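The values are calculated or read from the model by the stated rules, or taken from the named source; none is laboratory data. Worth saying up front: this structure is predicted, and the values here are computed from it rather than measured. Reconstructed Cβ throughout: ideal geometry from the backbone, glycine too, with neighbour counts over all protein chains shown. Keep in mind that these areas ignore ligands, DNA and RNA; they rest on the heavy atoms of the full protein, side chains included. Shrake-Rupley method; radii C 1.70, N 1.55, O 1.52, S 1.80 Å.
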Amino acid sequence: MTGAPFRTTADAVRAWVDGWVLSRGAADPLPRPWGLTVDVGLPHHATRHVMTDADEATVRELAEAYAAPAVCLKIFLDPETVAPWLGPGWVSDGPGWLMTTALRPSGAETPDGYTLRSWTRGGVIRALVLAPDGGFAACGQVAPTGTTAVVDQVETSPAHRRKGLGGLVMRTLQGAAYDRGARTGLLGATTDGRGLYEALGWEVRAPLVGVTYTPDAAGGTGRARGR
């Protein structure tokens with residue numbers, strides 16, 4: 001069930017952040033009255049502020065206080081709800097969802113001609129699928145943190161979609177996390193990935209939108225990078 005083992009959405013968000021920072025090599029989360037601050041350290045994504053409990057007053061306050069280049073706010077509400085609360089320059093990455101699933105032993109057959117490779121570095125398990133010509137076909141990674149694990153950066157090359165490679169990567173990562181003691185999976189889904197995850201038994205826990213401050217953006221419209 002989606003609700004287990006988290007009592008609240010805020011608990012699920014905190015577990016997601018713990019796995020995300022491990023996956024991305026980001027700084028340890030700093031507790032705030034409204035959630036968590038994470039230093040990411042990238043030119044386009046310097047710092048993210050994750051609101052575990054968001055309302056209009058808090059979103060407006062943070063949007064004004066943190067309006068600086070490459071600063072990101074993560075808010076667990078629908079984009080349409082959040083948009084009127086933001087000032088100019090805040091760019092949305094579109095609708096997203098926090099999703100969860102119960103992990104279990106898992107395996108999958110690699111399609112003929114493809115090669116699946118997997119390795120662990122710094123506590124993060126990675127899966128790579130190579131095409132018959134040795135080029136990139138699909139990839140993903142998972143960061144177990146105790147009984148929970150965060151699946152991250154799952155991607156399939158457009159030239160190799162609809163061949164079951166996304167499912168292969170997901171099942172490989174889910175099984176590897178289970179083998180390391182994790183029993184609940186979390187991820188931040190985009191519109192492109194949600195259908196795959198639901199087909200694999202993942203369920204939506206909460207809506208999710210990210211907004212990044214981009215001073216050159218006209219009226220806060222446009223697209224920012226990933227989750």
Notebook entry, point to check: Based on what the data block shows, is Ala149 open to solvent by less than 10 Å² (accessible area, probe 1.4 Å), more than 16 Å from the chain's Cα centre (by Cα) and of a type outside the set (D, E, K, R)?
Noted result: no
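Can you tell me how many residues in the stretch 170-209 are part of a helix (DSSP H, G or I), among the hydroxyl-bearing types (Ser, Thr, Tyr) and over 13 Å from the mean Cα position of the chain (by Cα)?
Step one: of the stretch 170-209, the residues part of a helix (DSSP H, G or I) are 170-179, 191-199.
Within this subset, residues satisfying the condition of being among the hydroxyl-bearing types (Ser, Thr, Tyr) are 172, 178, 191, 197.
With the extra rule that they be over 13 Å from the mean Cα position of the chain (by Cα), the set shrinks to 172, 178.
The number of residues fulfilling the criteria is 2.
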Next item on the list: Would you point out the residue of the stretch 7-25, among those that are over 13 Å from the mean Cα position of the chain (by Cα) and open to solvent by 20 Å² or more (accessible area, probe 1.4 Å), that is farthest from Thr100 (Cα to Cα)?
Entry: Gly25
Check: In the stretch 197-206, how many are open to solvent by less than 60 Å² (accessible area, probe 1.4 Å) and farther than 21 Å from Val50 by Cβ?
Finding: 2
Checklist line | Matching residues, the stretch 41-87, being over 16 Å from Thr212 (Cβ atoms) and in contact (Cβ under 8 Å) with a residue 60 or more places away in the chain | finding: Phe76, Leu77, Asp78
Notebook entry, point to check: Restricting the stretch 152-194 to residues that are closer than 29 Å to Asp112 by Cβ and of a type in the set (Lys, Arg), which is surrounded by the fewest Cβ atoms within 10 Å (Cβ to Cβ)?
Noted result: Arg162
Notebook entry, point to check: Mind checking which residues of the stretch 119-137 are loosely packed, with under 15 Cβ neighbours inside 10 Å and under 21 Å from the mean Cα position of the chain (by Cα)?
Noted result: Trp119, Thr120, Arg121, Gly122, Gly123
Next item on the list: Within the stretch 55-94, count every residue that is under 20 Å from Ala12 (Cα atoms) and touching a Lys or Arg at 6+ places or on another chain (Cβ under 9 Å).
Entry: 4
Notebook entry, point to check: Does Ser118 satisfy the condition of being farther than 17 Å from Val21 by Cβ, of a type in the set (Ser, Thr, Tyr) and modelled with pLDDT of 95 or more?
Noted result: yes
Check: Can you name every residue in the stretch 50-106 that is among the β-branched types (Val, Ile, Thr), part of a strand (DSSP E or B) and open to solvent by 40 Å² or more (accessible area, probe 1.4 Å)?
Finding: none
